[in-house]
Structures are given as structure tokens and as C-alpha cells.
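After the C-alpha cells below, expect a handful of questions from me.
The numbers here are math on the coordinates, done by the rules we state, and not lab data. Every value quoted in this text rests on a predicted model; they were computed, and no experiment measured them. Cβ coordinates were reconstructed from backbone atoms using ideal geometry, including for glycine residues, and neighbour counts include every protein chain displayed.
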Amino acid sequence: MVRGPPNVRFEIDDVESPWISNRNYDYILCRGMAASIADWPALVKNIYNHLNPGGWAEFQDVSLMFYSDDGTLTEDHHFYQWCKNLVEALESVGRDPHPGHKLKGWVTDVGFESISHAKFKVPLAPWPKEQFYKDLGAMNLSQFLEGLEGFTMRIYCGILGYTQTEAQVLLALVRKELKTLHSFHSQFDL
């Protein structure tokens, strides 16, 4: 059971199903849904329509195509190919792997006011020199490696036609590259 302050209620549901409740909310958080939503504008409209007057919605999402500013992540890397294939597979089934930069337009279109949009570069390993970003990169690498198999197998085996063995071999190569601290300086936009 999730615990929180007495005035907080956590609800888990399928956000793409019709919102049949007449209940409105003071705050709705939509985070980390890249590649999960078939119709983003409809979701944003549902969120808007289920906020109390003066309520807040917060959206945080990423682009699943990792990159490097310094050219260290190239097409020769297994990780780059993993990203590229993942993005193409998701797009082929109508899932947006890059919703982050489109959110401002979607929330504006439905009538949200007082919109603030910020873009952050987030490292995917502890390669940065500044301690804050080094720590952030280490945490991101840990959570990314933990979930890598889970969000690879269905897409690679179910959409791209890889066998489980082929996908596991690719995952081993990707993990090895990601754990090699200075092989490339990958990051993503949040």
C-alpha cells in the first residue's frame, strides 16, 4: 500500500480508458509515459477536464532517443542502434517515443493557463564532471539498467521479431557499453 499525507489519495487506472468519474482533482501528475500513450491530445484534454478550478497538472516526459553533445555516441554503438530500433518500432505501432517537446503545444491547445515549459539534459551515466550531474547520471544509469530488459523484450521480440536469445545478446552488449564509463557521454532530454 502506498502511504502519504491524509489529504492525498493515489489512484491507479488506465489513463486511456474513458474517464467516467465525475470526480475532479486539485493536482494530476503525468510522468514517464513516453511510448505508452496512443492519443496524447485526448489524454491532455481528459486531464484538463478533470481538474478543479485552479487545479494544477504537471507533465514530465522524455525523448527515448539518447544522444551526446560531444559526438561520443555514434551509430557504431550498440546502445545507439538499440535506441534507434526502439524508436522506429514504437512509431510503427503509433506510440510517440518523444512526447516531451510536444507537451507545451498540447496543453496550450486545450486551454491550460500559466504554462511553464523547461527542458533539461539528463546524463545516463556518471560521466559529467560536476558532482550533481555525476550523481544524477549514476542514479539514472542504475534505474535504466534495472528496467532495460523489461522495456526491451516486448518491443524487440513482439514488434521487431527478435528471438529471446537475440534480444538477450543485444542487451548484454548494451549493458556492457553503458557500464563503460567513458565510452560515450549519452544523455536524454526531460
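Please verify whether M153 is touching a strand residue (DSSP E or B) at 6+ places or on another chain (Cβ under 9 Å) and closer than 20 Å to K176 by Cα, treating the condition exactly as stated.
no
Just name the residue that is surrounded by the most Cβ atoms within 10 Å (Cβ to Cβ) out of those in the stretch 136-186 that are over 21 Å from P97 (Cβ atoms) and among the hydroxyl-bearing types (S, T, Y).
Only one residue tops the list, namely S183.
For the stretch 95-102, check the following and say yes or no: at least one residue is in contact with a Ser or Thr (Cβ under 8 Å, 6 or more places away or on another chain) and of a type in the set (D, E, K, R).
Yes; the residues of the stretch 95-102 include at least one that is in contact with a Ser or Thr (Cβ under 8 Å, 6 or more places away or on another chain) and of a type in the set (D, E, K, R).
When you scan the stretch 49-105, how many residues do you find that are of a type outside the set (S, T, N, Q), buried (at least 16 other Cβ atoms within 10 Å of the Cβ) and in a loop (DSSP other than H, G, I, E, B)?
12
Would you mention how many residues in the stretch 9-48 are free of Cβ contacts under 8 Å to residues at least 60 places away in the same chain, of a type in the set (F, W, Y) and either in contact with a strand residue (DSSP E or B) (Cβ under 8 Å, 6 or more places away or on another chain) or assigned to a strand (DSSP E or B) (or both)?
2
Among the listed residues K102, K119, K129, identify the single one that is free of Cβ contacts under 8 Å to residues at least 40 places away in the same chain and of a type in the set (K, R).
After ruling out the rest, the residue left standing is K129.
Tell me the residue from K129, K119 that is basic (K, R) and more than 21 Å from A35 (Cα to Cα), please.
None of the other options fit; the residue is K129.
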